[in-house]
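Single-structure report; data block below.
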Amino acid sequence: MAKLAVNGGPKCVEEPVRVQWPITDERDVEHMAEVVRAGRGGWCRLGLDDGEVSSFEREWAEYHDAKYCLAVNNGTVAIECALQGVGLRPGEEVIVPAITFVASASGVLMARGIPVFADVIPETCQIDPDDVERKITDRTRGVLVVHYAGYPVDMTRIKEVAEKHGLFVLEDSAHAQGSEWEGRKVGAIGDVGTFSFQGSKSLTCGEGGAIVTDRQDVYEACWAYHHIGRGLSAEKYEHETVGPNLRLSEVQGALLRTQLEKLPGQVEQRMATAAILAEGLKDIPGVEPLKPDERITGRGYYFYVLRFDEETWGCTKSTFIAAFGAEGSGRLGSGYGCTVYELPVFANNRYDATGYPVVEGEGHGRLVDYKDVHCPNAELVARHQHLTFSTHRLLNAEFAEQTLAVLRKLWENKGELRK
Ligand SMILES: Cc1ncc(COP(=O)(O)O)c(C=O)c1O
């Protein structure tokens, strides 16, 4: 008789751990009610130096030990704005990782730059600094790293490469609220860092984003861009440059502030559950967490990533995902499912109706055909190795026990997966 639930056997877990997200309490509700009732500035941040958005910016800067923070509408425009902040010019190349959410690359196109994909290191799923160096051309202006799944990129090596070649470093930290590299919060290590506060992130106000930097010139350029081209000291209608309106509202700022009070405790809780998982995984072959590194001194999470070895298990990743899901502890994901350059926007070279800036011609740079791009490690990881859980489940330690119980059961009955 079959033992595995996918083959008709009994489930390993009857009641899966459920974690409600976001976690809210009376403090959020009361603070929000105060802000709503007061209606200061029509809930617009402008002119409110002691308002919710300005206060959040100070608090988020302090959390990162950074000089400046600018709140914006979301993590995608945060990237576009940060690239304007570092002065990216049309047609300049920015090296980005092959595995990430599309915005890390499409944000470069939105800023009229050209994303160039670098491969990842399979053991960490992070951008490979050696491949970054290989991808540098005379048009390269910067490198955009992503602390994918909240696991910090090797910022020591990335900064070395960037300094050697005179490149800026943008840290897309959308996944990494609370992550640290050698004692410094990520996002504040390079020239500029960006965050997303969209609903699935570890700090959220529904939709929102932020930029942190120690560079005054970058902060001022970002401010002007996000404020329809008005500089910090501009008069009300004195528009000096072109820019959209990316300002965050006071209502969102209010929620971010009370949610931020809870973040450090939640980061600790996630790390504690992840440590239980990592310990248990030592006894289960063919599934391992991302490689431990003592330079990682803190870890926020977005995905919890497991590396699956098809050879050890004798079955494909999709067979494993189906078998895991049937055991009742919840679903396993596959991250974003493919490399970024395999997404239609890149694979079909469909940037916009003009093709700008990824076309030949004066000022536009050379022709880039993303169908020619191949990053072998990223393809291997995306297709065969990469398994993911949502970060929020790490907020309950029981999740680790249930997950390990399912993995042990699958390993004991792996013969059934090989049929
Ligand atoms: C790595 C990464 N960068 C940028 C973004 C964009 O953030 P937003 O959804 O707030 O625009 C996301 C969103 O999930 C992301 O995962």
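Brief remarks follow.
- D131 fulfils the conditions (1) acidic (D, E); (2) buried (at least 19 other Cβ atoms within 10 Å of the Cβ); (3) touching a helix residue (DSSP H, G or I) at 6+ places or on another chain (Cβ under 7 Å) except for a single criterion, (3).
- Only one of A5, A33, A78 that is hydrophobic (A, V, I, L, M, F, W, C), open to solvent by less than 80 Å² (accessible area, probe 1.4 Å) and farther than 21 Å from G199 by Cα: A5
- Test for Q177: is it of a type in the set (S, T, N, Q) and surrounded by fewer than 24 Cβ atoms within 10 Å (Cβ to Cβ): no
- If you filter region 246-283 down to residues that are among the acidic types (D, E) and assigned to a helix (DSSP H, G or I), you find that the one that is most open to solvent (accessible area, probe 1.4 Å) is E268.
- Screening P115 on (1) under 23 Å from T213 (Cβ atoms); (2) open to solvent by less than 10 Å² (accessible area, probe 1.4 Å); (3) away from the ligand (no atom under 16 Å from the Cβ); (4) out of contact with any Ser or Thr (no Cβ under 6 Å at 6 or more places or on another chain) shows it passes everything except condition (3).
- Residue within region 35-55 that is in contact with a Cys (Cβ under 6 Å, 6 or more places away or on another chain) and either outside any helix (DSSP H, G or I) or closer than 23 Å to E180 by Cβ (or both) present: no
- Filter result for C44 (in contact with a strand residue (DSSP E or B) (Cβ under 7 Å, 6 or more places away or on another chain) and surrounded by fewer than 19 Cβ atoms within 10 Å (Cβ to Cβ)): yes
- Residue within region 327-346 that is open to solvent by less than 50 Å² (accessible area, probe 1.4 Å), assigned to a helix (DSSP H, G or I) and in contact with a Cys (Cβ under 8 Å, 6 or more places away or on another chain) present: yes
- Restricting G243, G286 to those that are open to solvent by 10 Å² or more (accessible area, probe 1.4 Å), of a type in the set (G, A, S) and closer than 30 Å to N7 by Cβ reduces the list to G286.
- Of the listed requirements (1) more than 13 Å from the chain's Cα centre (by Cα); (2) hydroxyl-bearing (S, T, Y); (3) within 16 Å of the ligand (Cβ to nearest atom), T140 misses just one: (3).
- Among the residues of region 76-102, those that are within 11 Å of the ligand (Cβ to nearest atom) and either in a strand (DSSP E or B) or within 26 Å of K291 (Cβ to Cβ) (or both) comprise V96, P97, I99, T100, F101, V102.
- Every test in (1) out of contact with any Phe, Trp or Tyr (no Cβ under 7 Å at 6 or more places or on another chain); (2) open to solvent by less than 50 Å² (accessible area, probe 1.4 Å); (3) touching a residue at least 40 places away in the same chain (Cβ under 8 Å) is passed by D309 save one, and that test is (2).
- Region 221-240: number of residues that are small (G, A, S) and open to solvent by 50 Å² or more (accessible area, probe 1.4 Å): 1
- Candidates in region 56-71 are the residues that are open to solvent by less than 40 Å² (accessible area, probe 1.4 Å) and touching an Asp or Glu at 6+ places or on another chain (Cβ under 9 Å); of these, the one that is nearest to the ligand (Cβ to nearest atom) is A71.
- Meets criteria (farther than 25 Å from P344 by Cβ, within 13 Å of the ligand (Cβ to nearest atom), open to solvent by less than 10 Å² (accessible area, probe 1.4 Å) and within 20 Å of the chain's Cα centre (by Cα)) for V108: no
- Checking Q198 against (1) over 24 Å from D293 (Cβ atoms); (2) away from the ligand (no atom under 14 Å from the Cβ); (3) open to solvent by 10 Å² or more (accessible area, probe 1.4 Å), the condition it does not meet: (2)
- In region 1-32, the residues that are within 28 Å of the chain's Cα centre (by Cα), of a type in the set (D, E, K, R) and at pLDDT 95 or above: D25, R27, D28
- Scanning region 201-217 for residues that are away from the ligand (no atom under 16 Å from the Cβ) and either surrounded by fewer than 23 Cβ atoms within 10 Å (Cβ to Cβ) or of a type in the set (D, E, K, R) (or both) yields D214, R215, Q216, D217.
- So A149, is it touching a strand residue (DSSP E or B) at 6+ places or on another chain (Cβ under 6 Å), over 28 Å from H374 (Cα atoms) and within 15 Å of the ligand (Cβ to nearest atom): no
- Of all residues in region 368-413, those satisfying the criterion of being among the acidic types (D, E) and either closer than 13 Å to Y304 by Cα or open to solvent by 50 Å² or more (accessible area, probe 1.4 Å) (or both) are D369, D372, E398, E401, E412.
The values are calculated or read from the model by the stated rules, or taken from the named source; none is laboratory data. Keep in mind that what you see is a predicted model, and the values were worked out from it rather than measured. Neighbour counts run over all protein chains shown; Cβ positions are idealised from the backbone, glycine included. The area values use the complete protein model at the heavy-atom level, side chains included, leaving out ligands, DNA and RNA. Shrake-Rupley method; radii C 1.70, N 1.55, O 1.52, S 1.80 Å.
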